[in-house]
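The block underneath contains the structure these notes are about, expressed in structure tokens.
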Amino acid sequence: MSDDVFAERLAGMRESMYRVSCSQLKSGFDREDAVQETLLKAWNNRHKLRNEQYMQTWVTRILINECKNIHRKHKRETAVSELQEHVSVGDTSVEANSELYEALFNLSVKLRLPLILHYIEGYTTREIAKILNIPRGTVLWRMSKARKELGLVLHMDEHGEDSHAPMAPIKGD
């Protein structure tokens with residue numbers, strides 16, 4: 001892949017990367033830092049990408065690692081639960097869905113991230129397993145557990161559904 005094509009594809013992933021960073025970090029500054037650092041690392045290591053088909057998965061993995069680095073760096077500074085910021089994700093205002101947003105951020109990152117990658121970013125469970133470097137069964141278990149925990153918080157039934165709004169099915173591959 002030429003440098004120009006790589007740069008175009010990388011630029012096209014920016015919104016998606018920001019949404020994924022929203023699932024990991026609460027501070028807008030940290031999110032932007034994570035995305036910028038990911039763009040830089042991906043560009044500098046573009047020769048290490050073995051298969052163009054997996055570019056988005058590869059870049060997402062870099063982003064998740066960068067978010068973890070930022071989280072570790074700030075661990076001693078301020079508890080994430082003390083931060084309060086209103087942001088927009090795509091066309092959906094987080095402020096308008098503050099109950100869901102708060103419930104998502106009360107989940108551990110291990111449970112929250114597969115949900116975000118699947119329901120918001122559209123990855124299959126196999127792709128999520130590859131991104132997170134865990135077995136597919138673990139991805140399915142974490143998503144199930146996360147939906148159950150969200151259901152308890154949001155007063156939904158144990159299958160992640162309320163009586164009026166069914167949750168989208170999980171795409172396997």
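The values are calculated or read from the model by the stated rules, or taken from the named source; none is laboratory data. What you are looking at is a predicted structure, and each value in this text was computed from that prediction instead of being measured. Neighbour counts run over all protein chains shown; Cβ positions are idealised from the backbone, glycine included.
Considering only residues of the range 19-33 that are within 17 Å of L113 (Cα to Cα) and hydrophobic (A, V, I, L, M, F, W, C), which is surrounded by the most Cβ atoms within 10 Å (Cβ to Cβ)?
Ranking the candidates gives V20 first.
Every residue, every condition in (1) in the same structural domain as M1 (by TED's automatic domain parsing); (2) polar (S, T, N, Q); (3) modelled with pLDDT of 85 or more, yes or no:
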{"position": "I62", "(1), (2), (3)": "yes, no, yes"}
{"position": "E66", "(1), (2), (3)": "yes, no, yes"}
{"position": "K75", "(1), (2), (3)": "yes, no, no"}
{"position": "S88", "(1), (2), (3)": "no, yes, no"}
{"position": "E102", "(1), (2), (3)": "no, no, no"}
{"position": "V109", "(1), (2), (3)": "no, no, no"}
{"position": "H118", "(1), (2), (3)": "no, no, yes"}
{"position": "I131", "(1), (2), (3)": "no, no, yes"}
{"position": "M143", "(1), (2), (3)": "no, no, yes"}
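Residues checked against (1) surrounded by 11 or more Cβ atoms within 10 Å (Cβ to Cβ); (2) modelled with pLDDT of 85 or more; (3) closer than 21 Å to S108 by Cβ:
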residue: S2; (1), (2), (3): no, no, no
residue: F6; (1), (2), (3): yes, yes, no
residue: M17; (1), (2), (3): yes, yes, no
residue: V35; (1), (2), (3): yes, yes, no
residue: K48; (1), (2), (3): no, yes, no
residue: H71; (1), (2), (3): yes, no, yes
residue: S81; (1), (2), (3): no, no, yes
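Scan the range 116-141 for residues that are polar (S, T, N, Q) and either touching a helix residue (DSSP H, G or I) at 6+ places or on another chain (Cβ under 7 Å) or under 18 Å from V59 (Cβ atoms) (or both) and jot them down.
Of everything in the range 116-141, those that are polar (S, T, N, Q) and either touching a helix residue (DSSP H, G or I) at 6+ places or on another chain (Cβ under 7 Å) or under 18 Å from V59 (Cβ atoms) (or both) turn out to be T124, T125, N133.
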